[in-house]
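Please treat every number below as a calculation from the coordinates, not as lab data. Quantities reported herein were computed from a predicted structural model and do not represent experimental measurements. Heads up, the Cβs are rebuilt from the backbone with ideal geometry, glycines too, and the neighbour counts pull from every protein chain shown.
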Amino acid sequence: MVACLLCCVVDNRKVSLPLDLGVCVLGIYSLCATGGRSSMADDKDVLRDVWFGRIPTCFTLNQDEVTEREAEPYYLLLPRVSYLTLVTDKVKKHFLKVMKAEDVEEMWFEYEGTPLKWHYPIGVLFDLHASNTVLPWSITVHFKNFPDRDLLHCPSNSVIEAHFMSSIKEADALKHKSQVVNDMQKKDHKQLWMGLQNDKFDQFWAMNRKLMEYPTEEGGFRYIPFRIYQAMSDRPFIQKLFRPISPEGNAHTLGNLLKEMYPTAIPNDGEPKRYQVVIHGIEPLLETPLQWLSEHLSHPDNFLHICVIPTPTD
């Protein structure tokens, strides 16, 4: 079950919840299906649906943790575009109520034996590890035995901010030779970070739109910032230089990117489909222009995160 987006109201706010791919994916999937042709109003709706995507999650304390009384599970709607360590303060406070201070070390998360990398966006972690499971997503919380080989330490939000801004600068180096991000003031960088940290869509996009602009005559960015993740690989991700426009002036598509970077993700004629190519919980058509995907389905770090996962057998 690849997760999709369904708009509804939670806490008096319009959000998008993951659902089975058989359900209509609102504007995102239909716009991908039309090759990204859309009006400005449609584009804003797509950006909002991506931003407010939520994953229902159940956090449970690892059974080996020492507690003074039974720890009840904690339920949370996780923002797809954020980071685990940025949005789980309430989870930490909940479990600390039943633990002694001397039994608490750095908090970390695990899903079915796999430590979850906090520096990957939450939506990427879900799509990569849990997209074909029943919701809510069940995450185990640990306060001991930090897996140094698998995870980076995250002692404070400043570490998340540094990682986030580093990714934005790397993406702009690919898109604009760093010209846009270098022209920004320090307060502009801070606005991007505070928009993500405080879940403020308008605050973030008032500044991020500058990073999505390009000269009309060029037809797109210099290179597309992307990362392709493989569920069955020890390699972190695939990231290489790839232009949105071919030397002949044609728009490159998602299919063009995959054929060059990960050809086994695309079945040959007559072959059964072995993999799902997932971005933000949906499978865009391979004919979707890569430039449109980069502008609309990139995470706040300005990278297009693409997960390639095995097709469910059931």
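A few remarks follow.
- Beta bridge orientation in the stretch 199-310: antiparallel %, DSSP, nearest 5: 60 percent
- Using a simple spin-label model with pseudo-atoms 7 Å out from Cα toward Cβ, ASN157 and LYS97 lie 2.2 nm apart.
- The distance between label points at LYS90 and LYS186 comes to 3.4 nm (points 7 Å beyond Cα on the Cα→Cβ vector).
- Mean Cα-pair separation over length for the chain, i.e. relative contact order, pairs under 8 Å, 6 or more apart, %: 19 percent
- Assuming charge only on the beta carbon of Lys and Arg (+1) and of Asp and Glu (-1), the dipole of the chain about its Cα centre is about 700 debye to the nearest 20.
- 0 to 90° range, to nearest 10: angle between helix 157-176 axis and the chain longest Cα axis: 10 degrees
- Mean separation of Cα contacts under 8 Å, 6 or more apart, over the residue count of the stretch 199-310: relative contact order %: 31 percent
- FRET efficiency for THR133 and GLU72, using Cβ-Cβ distance with R0 set to 35 Å, rounded to 0.05: 0.95
- Estimated vicinal HN-Hα couplings, Hz - the stretch 192-198 in sequence order (Karplus 6.51, -1.76, 1.60; Gly, Pro = x): 4, 5, 5, x, 5, 4, 9
- With Cα atoms, 0 to 90° folded angle of helix 201-211 axis to the chain main axis: 40 degrees
- Applying 1/(1 + (r/R0)^6) with r as the Cβ-Cβ distance of LEU285 and GLU218 and R0 = 35 angstrom yields a FRET efficiency of 0.90.
- Within the chain, DSSP assigns beta bridges of which about 70% are antiparallel (rounded to the nearest 5).
- Rounded to the nearest 10 degrees, the angle from helix 40-51 to the longest Cα principal axis of the chain is 30 degrees.
- The orientation-averaged projection of the convex hull spanning the C-alpha atoms of the stretch 54-142 amounts to 5.4 square nanometres.
- Shape analysis of the stretch 199-310 places it in the oblate category; the axes a ≥ b ≥ c from the Cα gyration tensor give an a/c of at least 1.5, with a/b not above b/c.
- Among THR288, THR60, THR114, the residue with the largest mean-square fluctuation in a Gaussian network model of the chain, with springs joining Cα atoms closer than 10 Å, is THR114.
- Available extension along the chain between ASP150 and LYS273 is 41.2 nm, counting 0.36 nm per residue and deducting the alpha carbon span.
- Label-point separation in nm, ASP199 to GLN63, each point 7 Å along Cα→Cβ: 3.2 nm
- For the chain, projected area of the alpha-carbon convex hull averaged over all directions, nm²: 17.5 nm²
- Normalised contact order of the stretch 54-142, rounded percent, pairs of Cα under 8 Å and 6 or more residues apart: 44 percent
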